[in-house]
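Asker: First the structure, then my questions, so here it is.
Read-outs throughout are calculated quantities, based only on the coordinates presented, and are distinct from any laboratory measurement. All values reported here derive from a predicted model rather than from experimental measurement. We place every Cβ from the backbone using ideal geometry, glycine too, and count neighbours over all the protein chains shown.
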Amino acid sequence: MADVKVLVVDDSAAMRALFWDILDNAKGVKVCGTAKNADEARDQLDALKPDVLTLDVEMPGMSGMEFLEEVMTTRPMPVIMLSSITQAGTGTARRALDLGAVHCFPKPLHTSREEFDATVRQLGDIVLKAAAGALKPGGEGGDTAASGARYRSDGRIVALACGAAGIESARQVLATYDAACPPTVVLFDADPAAVENAVRAMRHSLPCQLGDAVDGVSLEIGKVWLAHDPTRHVIIEPGEPPRLRLVERDEINGCRPSADLLFGSLARSGLPALGGLLTGSGADGVRGLGILAETGGKVFHQRPADYAPRDRYDAVRAQGLDLADLRQEAIPEWILEQTNAAA
């Protein structure tokens, strides 16, 4: 029997090489080519006629999700999504499966010999099943459907604040969200261009509504608003429904938008709330998080990695607040657990 031919599409040369090695080591599987973007992949599909396509979610230009949708429309074939944000149960994974992918496989975070061998066996088996038609579009990828069915937002507003070092953590949180996600505001103390680059691909991959903060928008289930305009603060105004307001005023302790002001406004609103500080520099948000905790809000802060700034984290610890102390990988699940009315 001929080997199953796989085309690997990923914008990272290192990842293309890694998955070439992984798949070429899998019994019965052969990599017939690679592509770094949708344009190259389109040509390769016609020239090489692969049996299975592996596709990265996040690529420059046309995103992996957009290309997946095109492939399913113009040339339906087994597609396996490969990304750090397609773990089973995430909104990104559910979106990929809804568009027709047969499986969502997480990129390996480490490449020890044991982990490499395990990935070879697992991904090789998935590719063979996909080529044989044993994996149906939308029907694989872990317990994603079941996970989504178990979550129902309790309406609690989620407010997160992060610096440049916390952008990846924010992306990981958003990747778990689906159309029933909690109403969320994410404030970034970082270069707006860096923020936009980080979330651009996710705009096409998330089932929830994701957009830049706009004055007067309602905070409702399924909506996420990103606040990174350095000319205006953001506050939360109570009402039916609660709304996001943009305020033109001076910087607060050198910050605009200010996390202290955001958390403080949420505390004053009296609305059920969850607030969190992701990794960042400076002390902005520390005082506001304390106020939110005192008024009954659920609060957490991210435990920084060894290479990340610690000043914000240490300032929170010095307050002695009763809050969750979470590593990056634990944050998304914790947020959903705390806001799940179905739990």
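Asker: Which residue, chosen from GLN172, PRO182, GLN319, occupies the Cα position most advanced towards the positive end of the dipole of segment 151-338, where the dipole is computed from +1 (Lys, Arg) and -1 (Asp, Glu) charges on Cβ about the Cα centre?
Answerer: PRO182
Asker: Hey, another quick one. Can you run phi through the Karplus equation (6.51, -1.76, 1.60; θ = phi - 60°) for segment 124-133 and list ³J(HN,Hα) in whole Hz, with x for Gly and Pro?
Answerer: x, 5, 5, 4, 4, 5, 5, 5, 7, x
Asker: If you line up the long axis of helix 167-176 against the longest principal axis of the chain, both from Cα atoms, how many degrees apart are they, to the nearest 10?
Answerer: 70 degrees
Asker: Please give, to one decimal in nm, the separation of the simple spin-label points placed at ASP250 and ASP191, each 7 Å out from Cα toward the Cβ.
Answerer: It is 2.9 nm.
Asker: Show me the ranking of peptides 284-290, 230-236, 249-255 by mean Cβ neighbours inside 10 Å, starting with the highest.
Answerer: Descending packing order for the listed peptides: 284-290, 230-236, 249-255.
Asker: Follow-up. If the chain between GLN209 and ASP98 were fully stretched, how many nm would it gain, using 0.36 nm times the residue separation less the Cα-Cα distance?
Answerer: The span from GLN209 to ASP98 would gain 38.3 nm if fully extended.
Asker: For GLU70 and LEU48, calculate 0.36 nm times their separation in residues minus their Cα-Cα distance, and state this gained length in nm to one decimal.
Answerer: So the chain would gain 6.1 nm between GLU70 and LEU48.
Asker: Hey, another quick one. Treating only the Cα positions of the chain as identical point scatterers, give the base-10 log of I(q)/I(0) from the Debye formula at each q in 0.06 Å⁻¹.
Answerer: Log10 I(q)/I(0), no solvent term: -0.24.
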